[in-house]
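The values are calculated or read from the model by the stated rules, or taken from the named source; none is laboratory data. Owing to the predicted nature of the structure, the values given are computational and were not obtained by experimental measurement. Note that we place each Cβ from the backbone using ideal geometry, even for glycine, and neighbour counts take in every protein chain shown. For the accessible areas, the whole protein counts, side chains as well, though only heavy atoms, and no ligand, DNA or RNA atoms are used. Shrake-Rupley method; radii C 1.70, N 1.55, O 1.52, S 1.80 Å.
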Amino acid sequence: MSDLLWRFGMLVIAGLFLWILHCYIGKYPAALPHSGRPIVNLRAALALASIAFSLSVIRVLWISPWLVRLDLALAQKELVQGPIWTVFYLLLPIFLVARKMRWGAADFGLTLANKSQEATLFAVLFGLGSGCVAYFTGQSNISIQVLPLDALLILFYNNAFLEEFYHRGVIQSLLERAIGQKQAILWGGILFGLTHIALDLSALLETEGYIAVFSALLLQTMAGWMFGIIYMKSRSLWPCVLCHYLANWLPSILVIGFG
């Protein structure tokens, strides 16, 4: 019961911060140029989201059990997985989008230029705050554990960077060119949440039930909306990457510092 109350409270707080970010933090820039072939953009975005969903199922059913049998340290597991995720989350979308649609680095958000310092500051403070709350309460969407420095560095790439590049830099950018800013944030967040459903089912279904799975799905969808707004307002991937990383892995960093 206490876990469900905690999840409900997190949803309410996340919704409040999402509303504040949307209404009061920074401004939305001019929309990206509308694609002359919106259906092509839309199909590409849905195809990439389907690939991400399939990969999460494959991870749960085959990759994770295989890595458990190998009995590797976390850093070694991430090193083994790194080339796999690089092929699908980085090289594949670059091949499909950059090559065929002639996008440059800035089109993917891979730029230090920043359209909204306010949204960037919000991203940093929210990542720090949510990571600290998870550490001090022991309630984290990822288990709090002592991790070596090499694992934490690899996770910055494998987890935070690749996910943000794929979902915000590619999928959301495709959606914005096809259906506009608001719809891109809405559906980009939903697709982000759905790609995590297999992970939620494997982690929560047997121990906490369907309500916990649904609340985790909703929380991850809201996180997708938040990252999407930060990305759209800043037009840079890096604030989202930093916020994503701090929210997930700051608790483990604090365990190293404070025990």
Q: Read through the list (1) at negative phi; (2) out of contact with any Asp or Glu (no Cβ under 9 Å at 6 or more places or on another chain), then give the number of the only condition that Gln139 fails.
A: (2)
Q. Checking Gly224 against (1) buried (at least 19 other Cβ atoms within 10 Å of the Cβ); (2) at pLDDT below 90, which test does it fail?
A. (2)
Q: Within region 233-244, identify whether any single residue is touching an Asp or Glu at 6+ places or on another chain (Cβ under 8 Å), among the aromatic types (Phe, Trp, Tyr) and modelled with pLDDT of 95 or more, and answer yes or no.
A: no
Q) Do you know which residues across region 142-166 are of a type outside the set (A, V, I, L, M), open to solvent by 10 Å² or more (accessible area, probe 1.4 Å) and either touching a Phe, Trp or Tyr at 6+ places or on another chain (Cβ under 6 Å) or outside any loop (DSSP other than H, G, I, E, B) (or both)? A) Asp150, Phe156, Tyr157, Asn158, Asn159, Phe161, Glu163
Q: Of the conditions (1) in contact (Cβ under 8 Å) with a residue 12 or more places away in the chain; (2) open to solvent by 60 Å² or more (accessible area, probe 1.4 Å); (3) in a helix (DSSP H, G or I), Thr86 clears all except one; give me its number.
A: (2)
Q: Working only within region 62-82, note down all residues that are touching a residue at least 24 places away in the same chain (Cβ under 8 Å) and open to solvent by 80 Å² or more (accessible area, probe 1.4 Å).
A: Leu79
Q: Taking Phe8 as meeting all but one of (1) open to solvent by less than 60 Å² (accessible area, probe 1.4 Å); (2) closer than 21 Å to Gln220 by Cβ, write down the number of the exception.
A: (1)
Q: Could you tell me which residue of region 99-110 is surrounded by the most Cβ atoms within 10 Å (Cβ to Cβ), considering only residues that are outside any loop (DSSP other than H, G, I, E, B) and within 21 Å of the chain's Cα centre (by Cα)?
A: Phe108
Q: Look at Gly257 and say whether it is over 17 Å from Val12 (Cα atoms) and without any contact (Cβ under 8 Å) to a residue 60 or more places away in the chain.
A: yes
(Q) Checking the condition farther than 30 Å from Gly104 by Cβ, touching a Leu at 6+ places or on another chain (Cβ under 8 Å) and either at pLDDT below 95 or assigned to a helix (DSSP H, G or I) (or both), which residue from Arg59, Arg69 passes? (A) Arg59
Q. Taking the stated definitions as given, is Ala30 closer than 26 Å to Ile230 by Cβ and part of a loop (DSSP other than H, G, I, E, B)?
A. yes
Q. Within region 131-185, how many residues turn out to be of a type outside the set (Val, Ile, Thr), under 24 Å from Thr86 (Cβ atoms) and under 16 Å from the mean Cα position of the chain (by Cα)?
A. 18
Q: Please work out if Pro251 is surrounded by 22 or more Cβ atoms within 10 Å (Cβ to Cβ) and more than 18 Å from His22 (Cβ to Cβ).
A: yes
Q. Looking at (1) farther than 30 Å from Arg99 by Cβ; (2) crowded, with 23+ Cβ neighbours inside 10 Å, which is the only condition Leu175 fails?
A. (1)
Q: Would you point out which residue out of Gly189, Gly127, Gly209, Gly131 is in contact with a Pro (Cβ under 7 Å, 6 or more places away or on another chain) and either open to solvent by less than 30 Å² (accessible area, probe 1.4 Å) or at pLDDT 95 or above (or both)?
A: Gly131
(Q) For region 111-124, which positions are within 20 Å of Leu246 (Cβ to Cβ) and open to solvent by less than 60 Å² (accessible area, probe 1.4 Å)? (A) Asn114, Ser116, Ala119, Thr120, Phe122, Ala123, Val124
Q) If you go through region 226-256 one residue at a time, how many are in contact with a Lys or Arg (Cβ under 7 Å, 6 or more places away or on another chain) and outside any helix (DSSP H, G or I)? A) 2
